[in-house]
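See structure below.
Throughout, read-outs are computed from the coordinates displayed, never taken from laboratory work. Treat the numbers as computed from the prediction; the structure is a model and nothing was measured. Cβ placement follows ideal geometry from the backbone for every residue including glycine, while neighbour counts extend to all protein chains displayed.
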Ligand SMILES: Cc1cc2nc3c(=O)[nH]c(=O)nc-3n(C[C@H](O)[C@H](O)[C@H](O)COP(=O)(O)OP(=O)(O)OC[C@H]3O[C@@H](n4cnc5c(N)ncnc54)[C@H](O)[C@@H]3O)c2cc1C
């Protein structure tokens, strides 16, 4: 097979990129090692920034998002029993977030890909890449028909944190920056109508909790736990008791209880690999960077990367100009580091560290008080959370 851009991974980065390139008339092949069902059913991100929402409408994949997405004008921060609202729309001149599950985004993008009839391979085994530092980049993989080889001009490494593209770059050519947090999130999906129209982030003596939702009938809730927490020790009853203890506010607000549909523990890390390009291999999304989920930035950063990459490739194919391709890594990393800073800050403000003491807890409460009462501080949080425009 021959194509212009070979894309490894059919997560948000790979699928958005494939569609953006299609709209520019650029051919691509997407190679994914999991099944279509697994890719669709993975429950992960749920908060879309304003720019991600705008892009989905612009590229014609926003029809269901318009109908089913839950637009939120702000969030609540809860501490000392009080819930205080940060009004994004007022503070940012109308920008907001939309709650729409990552798996719904994926369904819409797979449908869009299939309608273009451009190739998308699921269940590809033994995926490997080569030749990206020469003039002959190749993706090889095995499927039911045997071994296949895709010759391409460029490879987009959109295969997430555990993929094969980043490790294919010689270690001496990459610099990695990492912070692993001494806590994780125990997350549940519950059959319960949301009792708040907006997300509630809480700092409690027992640690962090987050109330969020996926639809008018399903809530998504998280509890700070240890990174290697034993899920078996957490009955549904215990999870709900702890969630209510951490989230219940003095005004009587509390999440509705309901059947637990799914539960899991996720560790938290901040990670950046620089540069995001090696020869004709371009890394995008989680393949190049990971943020702790507190700032809801992971999926949105992946979209920002591939939006930039698609414009750079379009310019190259239209005029032979490689300027945007040459600037891809530096330009992406500027946004990435700003999102890293924001995600780290939200995480540090809202979690209790095992190394911390009562002084740290009091300091965190004072910070939350400031962040919810100073217009300047609220504006800073609002513009970062709702997301900076794509430039
Ligand atoms: C529990 C949880 C909650 C989250 N909440 C949020 C949130 O609220 N907001 C937010 O913005 N982000 C959130 N994130 C992060 C977000 O889900 C990721 O940042 C996002 O999925 C990144 O997209 P991606 O396409 O770069 O990578 P991925 O989604 O990881 O996609 C990579 C794809 O590549 C495939 N792949 C891997 N290896 C290979 C291989 N060798 N060959 C072929 N294919 C391969 C994978 O199967 C996968 O389909 C959350 C993540 C988790 C885990």
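Comparing mean-square fluctuations of 97, 26, 110 from a GNM of the chain with C-alpha springs under 10 Å, the top value falls on 26.
Pairwise inverse Cα distances across the range 223-269, averaged and inverted, put the Kirkwood hydrodynamic radius at 12.1 Å. Measuring nothing but how far apart in sequence close Cα pairs (under 8 Å, 6+ apart) lie, relative to its length, the range 150-281 scores a relative contact order of 37 percent. Here the relative contact order of the range 205-248, from alpha carbon pairs under 8 Å that lie six or more residues apart, stands at 43 percent.
Kindly provide the helix-only [θ] at 222 nm of the chain, computed as the sum of -39,500 (n - 2.57) over DSSP H runs of four or more divided by all residues, to the nearest 500 deg cm²/dmol?
The per-residue figure over the chain is -11500 deg cm²/dmol.
Full extension of the chain between residue 148 and residue 324 gives 60.3 nm of extra length, using 0.36 nm per residue less the Cα-Cα distance. Two numbers describe the Cα atoms of the range 247-339: Rg and Dmax, which are 19.1, 62 Å.
How long is the gain from residue 162 to residue 116 if the chain were fully straight, where each residue apart is worth 0.36 nm and the alpha carbon distance is subtracted?
Values: separation 46, 0.36 × 46 = 16.56 nm, distance 2.86 nm.
Residue separation times 0.36 nm, minus the Cα-Cα distance, leaves 13.7 nm.
For residue 193 and residue 251, the FRET efficiency from 1/(1 + (r/R0)^6), where r spans their Cβ atoms and R0 equals 25 Å, is about 0.85.
How large is the convex hull of the C-alpha atoms of the range 101-186 per residue, in Å³? Kindly include the intermediate steps, with their values, before the conclusion.
Working: hull volume 13.8 nm³, N = 86.
Spelled out: Cα convex hull of the range 101-186, divided by residues, is 160 Å³.
Assuming R0 = 30 Å, what is the FRET efficiency of residue 311 and residue 348, from their Cβ-Cβ distance, to the nearest 0.05? Calculated value: 0.30.
With Rh defined as the Kirkwood radius, the inverse of the mean 1/r over Cα pairs, the Rg/Rh of the range 268-391 is 1.09.
Pair-distance distribution of the range 1-66: all C-alpha pairs, bin width 10 Å, starting at 0; shares per bin in whole percent are 18, 45, 34, 3.
The distance from the alpha carbon centre of the range 49-79 to that of the range 313-376 is 20 Å, rounded to a whole number. Taking only the C-alpha atoms of the chain, the Rg (one decimal) and the largest Cα-Cα distance, Dmax (whole number), read 21.3, 65 Å.
Over the chain, with a Gaussian network built from C-alpha contacts below 10 Å, which listed residue (77, 221, 261) shows the highest mean-square fluctuation? Among 77, 221, 261, the largest mean-square fluctuation in the Gaussian network model of the chain belongs to 261. In a GNM of the chain with a 10 Å cut-off on Cα contacts, which of 151, 339, 376 has the highest mean-square fluctuation? Most flexible of the set in this elastic network: 376. Counting 0.36 nm for each residue step from residue 218 to residue 235 and taking away their Cα separation leaves a gain of 4.2 nm. The DSSP beta bridges internal to the chain are antiparallel in roughly 75% of cases.
Using r as the Cβ-Cβ distance of residue 136 and residue 266, and R0 as 45 Å, what FRET efficiency do you calculate, to the nearest 0.05? Please list the in-between numbers first.
On the way: r = 39 Å, r/R0 = 0.87.
It comes out at approximately 0.70.
Which number do you get for Rg(Cα) / (2.2 N^0.38 Å) in the range 1-138? Walk me through the numbers before you get to the answer.
Numbers: Rg = 18.5 Å, N = 138, 2.2 N^0.38 = 14.3 Å.
Rg over 2.2 N^0.38 Å, computed on Cα atoms: 1.29.
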